[in-house]
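*Asks:* Structure provided below as structure tokens; questions to follow.
Just so you know, all these numbers are worked out from the coordinates, no wet-lab data involved. Only a predicted model underlies this, so the values are computations on that prediction, with no experimental measurement involved. Glycine also receives a Cβ, built like all others from the backbone with ideal geometry; neighbour counts cover every protein chain displayed.
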Amino acid sequence: MKDLLTRYPQLEVCSASIENALNMMVETYKNNGKILLCGNGGSCADCDHIVGELMKSFLSHRPIRGTIVDNMHSLFPDSAEYIISNLQEGIPAISLPSQSAFISAFANDVAADMVYAQLVYGYGEPNDLVVGFSTSGNSANVVNAMKVAKAKGLKTLALTGEKPCKLDDICDEVIKVPETETYKVQELHLPVYHYLCAELEKMLFESEE
């Protein structure tokens, strides 16, 4: 956290929320849950970005572990070493906006503001964490997704700007970065989630190297 706040001192006001978010992510992984992410526009791209950091090595080495190593050697001795050496431990995460065929069909046939809610309903399982990005904190499709997540008993985390918003009253934790203009809010979301991804990786994997 010290390095993050040195580079972005304005994030001091939401540092406690950032740490709470990190603990939620650790708990999700340790309880065999997954992280479901949703957002619109630039925040949609942030969801994809985060999955890229979580599902493969980010800053730390993540060699695979467990019975799959022995099983690979037993089942496929000729290719086991190559496959094992090129696999990395992943932190299960799904970018809901990447489900483009579903989203276009559901938005056209049912309701555009319910696309993420339907995906959360379909994918969500006990111990999952739903992360919603909304610079205003009022995006209807993100708000509805969080309502469904809460109704299913899932953990909920939002990243927003500093203005009071609908997600404040729904989510378990809200990281409210100290900006109000959309692009400025997004500029501060990036260092926040890079910090979360890096720290999560460090806590889960570095001690095992």
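*Asks:* Could you tell me which residue of segment 128-146 is surrounded by the fewest Cβ atoms within 10 Å (Cβ to Cβ), considering only residues that are more than 17 Å from the chain's Cα centre (by Cα) and either among the aliphatic types (A, V, I, L, M) or assigned to a helix (DSSP H, G or I) (or both)?
*Replies:* ALA140
*Asks:* Still on this model: Quick one: what pairs do we get from segment 106-125, first residue touching a residue at least 60 places away in the same chain (Cβ under 8 Å), second part of a helix (DSSP H, G or I), C-beta under 6 Å, 6+ apart or different chains?
*Replies:* Hits for this filter: TYR116/LEU96; TYR116/ASN141; TYR116/ALA145; LEU119/LEU96; VAL120/ALA145; VAL120/VAL148; VAL120/ALA149.
*Asks:* How many residues does segment 25-39 hold that are within 17 Å of HIS194 (Cβ to Cβ), buried (at least 19 other Cβ atoms within 10 Å of the Cβ) and of a type in the set (A, V, I, L, M, F, W, C)?
*Replies:* Total satisfying the criteria: 3.
*Asks:* Please verify whether segment 55-76 includes one or more residues that are buried (at least 18 other Cβ atoms within 10 Å of the Cβ), of a type in the set (Val, Ile, Thr) and touching a strand residue (DSSP E or B) at 6+ places or on another chain (Cβ under 9 Å).
*Replies:* No, because not a single residue in segment 55-76 is buried (at least 18 other Cβ atoms within 10 Å of the Cβ), of a type in the set (Val, Ile, Thr) and touching a strand residue (DSSP E or B) at 6+ places or on another chain (Cβ under 9 Å).
*Asks:* Scan segment 21-54 for residues that are among the acidic types (Asp, Glu) and touching a strand residue (DSSP E or B) at 6+ places or on another chain (Cβ under 7 Å) and report the count.
*Replies:* 2
*Asks:* Considering only residues that are crowded, with 21+ Cβ neighbours inside 10 Å and part of a helix (DSSP H, G or I), which ones fall in segment 166-187?
*Replies:* LEU167, VAL185, GLN186
*Asks:* Follow-up. Taking only segment 88-126 into account, find how many residues are outside any helix (DSSP H, G or I), closer than 15 Å to ALA149 by Cβ and of a type outside the set (Gly, Ala, Ser).
*Replies:* Adding up the residues that qualify gives 3.
*Asks:* Tell me which helices (runs of 4 or more DSSP H) are completely within segment 1-87 and hold 2 or more residues being touching a Lys or Arg at 6+ places or on another chain (Cβ under 9 Å), touching a residue at least 60 places away in the same chain (Cβ under 8 Å) and within 27 Å of VAL115 (Cα to Cα), or say none if there are none.
*Replies:* 15-30
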